[in-house]
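Read the structure below first, then the notes.
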Amino acid sequence: MLTVGLTGGIGAGKSEVSRLLVERGAVLIDADRIAREVVEPGTPGLAAVVEAFGEEILAEDGSLDRPRLGALVFSDPDKLATLNSIVHPLVGARSRELEEAAPEDAVVVHDVPLLTENGLARLYDVVIVVDAGTGTQLDRLVRLRGMSEEDARARMAAQATREQRRAVADIVIDNDVPLDALERRVEEVWADLVRRAREPGRNRGRRAGR
């Protein structure tokens with residue numbers, strides 16, 4: 001098994017890269033999706049979030065009002081740290097369960113938005129960073145996701161810088177390019193990952209403490 005940590009700033013296009021890798025045979029473990037699962041109604045995770053932030057972060061149906069919570073925490077580092085301290089351990093535990101269930105010869109891609117911020121690079125054999133300019137990120141968040149520019153900038157500011165992400169990368173995928181160019185780059189990266197996974201006697205570098 002080859003474990004891959006896939007990360008990138010919000011709006012960099014990481015989801016598109018993960019989709020292309022899955023098309024080529026990767027097993028995807030999506031931290032964002034798991035983060036939603038662990039705070040669904042009736043879960044201990046949601047109860048802990050409500051205890052920390054109050055019932056005003058709930059929608060009328062009792063589910064988590066994610067936009068309201070996001071607006072609350074992404075402009076306040078202390079509140080964001082509190083939220084992360086609740087959600088991240090739950091996400092980590094579920095991610096480990098899914099990885100253990102994958103085939104032994106799989107390329108397992110962990111889609112982890114805050115990989116850099118939380119010092120998680122050492123957990124993976126390979127770290128891939130999807131990179132895009134801040135102007136591109138802002139445009140995608142406002143135009144495609146419907147965020148206000150203020151909210152988009154606050155979320156970008158709460159994350160690691162491009163330089164910090166690139167510093168932990170084994171592979172960088174530039175996503176300031178047209179889709180066909182991105183697909184060609186992902187094809188190159190996939191061939192590299194398959195080669196690494198098949199190396200005889202391969203040392204699992206990050207897990208071995210590289």
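The values are calculated or read from the model by the stated rules, or taken from the named source; none is laboratory data. These numbers come from a predicted model, not from an experiment. Note that each Cβ is placed from the backbone with ideal geometry, even for glycine, and that neighbours are counted across all protein chains shown. Just the protein is used for accessible areas: all its heavy atoms, side chains included, with ligands, DNA and RNA removed. Shrake-Rupley method; radii C 1.70, N 1.55, O 1.52, S 1.80 Å.
Quick notes on this structure:
- Considering the conditions (1) at pLDDT 90 or above; (2) farther than 28 Å from residue 75 by Cβ; (3) surrounded by 17 or more Cβ atoms within 10 Å (Cβ to Cβ), residue 206 is excluded by exactly one of them, (1).
- Cβ-Cβ under 8 Å pairs, at least 6 apart or on other chains, segment 83-102 side of a type in the set (Lys, Arg), far side open to solvent by less than 40 Å² (accessible area, probe 1.4 Å): 94/34; 94/38
- Residues located in segment 91-103, provided they are open to solvent by less than 40 Å² (accessible area, probe 1.4 Å) and part of a loop (DSSP other than H, G, I, E, B): 102
- Some residue of segment 127-140 being within 20 Å of residue 31 (Cα to Cα), out of contact with any Gly (no Cβ under 9 Å at 6 or more places or on another chain) and open to solvent by 40 Å² or more (accessible area, probe 1.4 Å): no
- Any hit, segment 142-150, residues being surrounded by 15 or more Cβ atoms within 10 Å (Cβ to Cβ) and over 18 Å from residue 126 (Cβ atoms): yes
- Residue within segment 104-118 that is modelled with pLDDT of 90 or more, over 20 Å from the mean Cα position of the chain (by Cα) and either among the polar types (S, T, N, Q) or surrounded by fewer than 18 Cβ atoms within 10 Å (Cβ to Cβ) (or both) present: no
- Screening segment 160-180 for residues that are part of a loop (DSSP other than H, G, I, E, B) and farther than 21 Å from residue 19 by Cβ and picking the one that is most open to solvent (accessible area, probe 1.4 Å) gives 161.
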